[in-house]
Structures are given as C-alpha cells and as structure tokens.
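K.L.:
After the structure tokens below, expect a handful of questions from me.
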Amino acid sequence: MVIQQHSWVASEPTSQGPGIISSLLYHAYEMHHAGVRPFRAVADAGSLFFRSPLNPWTYTLAGRSIAAACDVFEATTRRYAKPAFGLPKTMINGEPVPITEKIVWTHPFCDLLHFSKPEGLFEKLHPRAPHPKVLIVSPLSGHFATLLRGTVEAMLPEHDVYITDWRNAREVPLSAGRFDLDDCISALQMMLREIGPGTHIMAVCQPGPAVLCTTALMAEDGDPATPRSMIIMGSPIDTRRSPTVPNKLSAERPYSWFEGNMITTVPFPHPGAMRNVYPGFLQLTSFISMNRDRHVNAHHDYFRNLIKGDGDNAQKHREFYDEYLAVMDITAEFYLQTIDRVFQRHLLPLGQFHHRGRLVRPEAIRDTALMTVEGENDDISGIGQTQAAHDLCVNIPADKQFDYIQADVGHYGVFNGKRWRTEIQPRVRDFIRSNL
C-alpha cells in the first residue's frame, strides 16, 4: 500500500542524508530524557509531599511554592504522548448525539478517522438539513491531528466529518518504505475515493498545496470523487506574498542547510529506528522560539496560579500545553520536498509542480468551489499566501469562489477558538451548503 517515489525527480536536490552531528541529535535528546527522569521522580514526590494534608508545610506559602515549582519542573520535562480527540458526543437541535471514532481506511503513515453518528439519527433530529461529508486534512508539520479538536467539534453538529490522522514517523518501521509529498497527494486521492463522491475537503495550514494538487489531478481525470468544494485555511500556497519569519528562513537558507541541520535518525528502541526524520522536538523548539516571551510568561502565570490555588486557570494552562507540547516526527523526504518545492522553488504558483512526472494544472478545476480563509495577524502564513489559490484556479466560476480574512486572529485562531466558532465556521458551513 505504500507508494514509492518515482525516479523522475531529477531536478530535485539529491538527498545526502543528515550530517554527522545532526544524526546524533535524537540520541542526545533521548539521553537527556533518560538523565532527567530521576529528577522528575523527585519532583513528583515533592509535589505529593508538599500537598499532603498531613504535612504542616502544605498550609504555608513556602510549601505551596515548593509544590508549584515541582509541578512546573515536571510539566516542562515530561514527554507528552499523543492526546485523544475526546469528543464522545455532539449536540443536534439541543439533543445529545453519541459520536464514535472509526478508522475507515489505513495506510502505514496515516489513518482516516470518521466521527460516526448513529445511522439515521441526524436525519431524524434535523430532517430538512443536509449533512455533507467533509474531509479535514490536518497539517503534517509537527503536531498531531488532535490539534484540530476545536475544528472538528464545531463541524460535527451539521456535517459528516472525517480527518487525516497522520502517524508519528518514529513509530513507522523502515520496512513500510518512504513517505514524501507525492505520497501524501496520492494518499489524499485514495481517501477521497474511500469517502465517495460529494465530499468537501478542508485544508488547515500546511496541507493546502497538497490538497490543491490533489483536486487538480482528480478534476483533470474526471474522477467522480473530486471534491465538491475546497476550503483552504492559512496555507502556504504562494509564500512569496507577505513573507513571514518562517518563510524568510526557508528561502534564505540553502537546501543543504536543512538537510544537514534539521534531519536526524530515529534511535532504538522506537519502531522506526534508523529512519531519517525531521523530529518533532526541533519543530517545537522553532514554535516556542517565535513566541518565547509569551511561553515564559504563561509558565510564570501557571506557577503563580498554583500557589494561589487558582485551579481553573491552572487547568486551562495544562490542557493547552498537553496539546501544544505533544509533537510527532515527520519523514525526512516529506519535510525536505516541502521545503524545496513549496518554500524555495514555489513550483505550484509558477505552474511547474509535478506529481510523479505529471504537471499539476490548477486551471483544470472547474466544478469544485473554492473558499480561502486567512487571519489578519497570522505570523506563519501571511496575508495573500492562501488567497493565491484563486489566481491559480482561473476556471472556477466567480460565484463559486469566496475569500475571507478574519480580523484580530493569528494563525491558530483561524481554525480554533472563539472567532473560529462564531465567525469563521458559520461562513464555512454556509459556503459548503451553497455548493452541495
């Protein structure tokens, strides 16, 4: 089932593998975790000791401060596992409806999850409303698909929702083969065929170019599973427009720098041992460095809230960082191809993007409606980068195109949070219903 990369890609940089130092980086990271484990055990014990109702220090400022410090240390040195979606139900017309997560299609590097409702229940509770199928394509950029929990939650009441659940590359054995940008596009085609005709596809952030290529190829082939509409949100379709700090870094550094400094080898005993990856902990370091002061202040506030006994705010902090600090590895070939094709050579907007030797022609898209969404304060994908999709899809009728810029939100706010729920999602819902 794994799709191997074809040999036609002669114009792409030849992979030489990670440098000697970077190849040992993952091993050093694992050794650090092993080395800090005894101190985490001490911190856990200290937190319990200074919170025990039998300990008189528990009722002093010094005791609460020590317990809080132990909690912060434990939280900042823990390895965070993949979170659960945790969406057991949704509400339809004021009635609770159970949701069951089902894997309906599988691939060594991805599961297709379906948030299933009891058959016929939606039609019973909402008899005159459509229930369109929507495939949400999560970003393959370091975080798990659960980062889009709020996206899924807002779509569930009125849509039949599927999502790409990408697998952590360090958990995929070498025997499963490669997974690059071409494989991602092919996998998206197979998922759309699995879901069936009439599906709407939503690309959140990084997968925008892959979704646009997928739709163009299927449209040109007259594939009956070609998406009915595309919703592309905060995506790097053309990173030459309003370039952000990450865009500039990707363009200024040579390909060899990314290959030599950002790629490392998965160590034993992980199932994917010896696989070359862009590790999640490096991506997380990049995310944090962009807003370092904000994260430092957040942990300082967490410390103070623990001392004060403000459980509600402390819990909100934990919930956010349990998700934010859970990261996954990406295959080296996918990461490097994305850097090369999307961020350095800009092949899609230049009309030069090939998929397995075949030119991708966005102008072939005629019947699929297109909606783009951008955040006014997005510091990852600047204004205009997602809008560029409209300039490429020149044969989509004007009444099937819609561009929306959400005021006062950054990158994360495009697909999560209050503005997503109250302003963006209703527009997405109406756009899908106008193109059934």
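Readers should treat all values here as calculations from the given coordinates under stated rules, not as data from a laboratory. Source: prediction; values computed, not measured. With ideal geometry, Cβ positions are generated from the backbone for all residues, glycine too; neighbour counts draw on all protein chains shown.
K.L.:
On the first, second and third principal axes, largest extent first, how far apart are the outermost C-alpha atoms of the chain in Å?
P.N.:
So the three principal-axis extents are 73, 58, 39 Å.
K.L.:
Sticking with the crude label model, points 7 Å out along Cα→Cβ, report the distance from H126 to E376 in nm, one decimal please.
P.N.:
Those two pseudo-labels are separated by 2.9 nm.
K.L.:
Measure off 7 Å from each Cα along the Cα-to-Cβ vector at V42 and L359, then give the distance between these two points in nanometres to one decimal.
P.N.:
Computed distance between label sites V42 and L359 equals 6.6 nm.
K.L.:
Pulled fully out, how much extra length does the chain show between R433 and K102, if you take 0.36 nm times their separation in residues and subtract their Cα-Cα distance?
P.N.:
116.6 nm
K.L.:
Treat each spin label as a single point 7 Å out from the Cα along the C-beta direction, and report the E30 to A407 distance in nm.
P.N.:
For E30 paired with A407, the spin-label model returns 5.2 nm.
K.L.:
I'm a student and want to see the number: the projected area of the Cα convex hull of region 200-251, averaged over all directions, in nm².
P.N.:
In nm², the orientation-averaged hull projection of region 200-251 is 3.9.
K.L.:
If I take R0 = 41 Å and measure r between the Cβ atoms of F49 and K418 in this structure, what FRET efficiency does the formula 1/(1 + (r/R0)^6) give, to the nearest 0.05?
P.N.:
It comes to 0.55.
K.L.:
Per DSSP H run of at least 4 residues, take -39500 (n - 2.57); add these up for the chain, divide by its residues and hand me the 222 nm value, nearest 500 deg cm²/dmol.
P.N.:
That calculation yields -11500 deg cm²/dmol at 222 nm.
K.L.:
Determine ³J(HN,Hα), in whole Hz, for all residues of region 134-149 in sequence, where each value follows from phi through the Karplus function 6.51 cos²θ - 1.76 cosθ + 1.60 and θ = phi - 60°; x replaces Gly and Pro.
P.N.:
Once rounded to whole Hz, the list reads 10, 9, 8, 9, 6, x, 9, 9, x, 9, 6, 4, 5, 4, 9, 4.
K.L.:
At what distance in angstrom do the alpha carbon centres of region 175-238 and region 247-267 lie from each other?
P.N.:
Answer, in whole Å: 26.
K.L.:
Moving to a separate point now. Would you please put 247-257, 109-119, 197-207 in order of how densely packed they are, using the mean number of other Cβ atoms within 10 angstrom per residue and starting with the highest?
P.N.:
Packing order, densest peptide first, comes out as 197-207, 109-119, 247-257.
K.L.:
Rank by packing, highest mean first: peptides 329-336, 209-216, with packing defined as the count of other Cβ atoms within 10 Å averaged across residues.
P.N.:
Averaged packing, sorted descending, gives the order 209-216, 329-336.
K.L.:
Report the gain in length on full extension from S175 to L350: 0.36 nm times residue separation, minus Cα-Cα distance, nm rounded to one decimal.
P.N.:
59.4 nm
K.L.:
Below 8 Å, C-alpha to C-alpha, sequence gap of six or more: please give me the relative contact order for region 138-232 in percent.
P.N.:
Answer for region 138-232 is 31 percent.
K.L.:
Let me know the whole percent of all Cα-Cα pairs from region 273-378 that are separated by more than 23 Å.
P.N.:
57
K.L.:
Please compute the length gained on full extension between S65 and F268, using 0.36 nm multiplied by the number of residues separating them and subtracting their Cα-Cα distance.
P.N.:
Length difference between fully extended and current span is 69.2 nm.
K.L.:
Ok, one more. Place a +1 charge on the Cβ of each Lys and Arg in the chain and a -1 charge on the Cβ of each Asp and Glu, then give the dipole magnitude about the Cα centre in debye, rounded to the nearest 20.
P.N.:
Using Cβ point charges on Lys, Arg, Asp and Glu, the chain gives about 640 debye.
K.L.:
Continuing with this model, one more query. How tilted is helix 311-324 with respect to the longest principal axis of the chain? Cα atoms for both, answer in degrees (0 to 90, nearest 10).
P.N.:
50
K.L.:
Let me ask you something else. Relative contact order (percent) for region 38-140, with alpha-carbon contacts under 8 angstrom and 6 or more residues of separation?
P.N.:
16
K.L.:
Given an 8 Å cut-off on Cα distances and at least 6 residues of separation, report the relative contact order of the chain as a percent.
P.N.:
Relative contact order comes out at 20 percent.
K.L.:
Additional query: Post the alpha-carbon centroid distance, region 361-436 to region 296-331, in whole angstrom.
P.N.:
31
K.L.:
Tell me, what is the FRET efficiency for D391 and D367 to the nearest 0.05, using R0 = 22 angstrom and their Cβ-Cβ distance as r?
P.N.:
0.75
K.L.:
Could you state the angle between the C-alpha long axis of helix 25-49 and the longest principal axis of the C-alpha atoms of the chain, as a value from 0 to 90 degrees rounded to the nearest 10?
P.N.:
Computed tilt is about 50 degrees.
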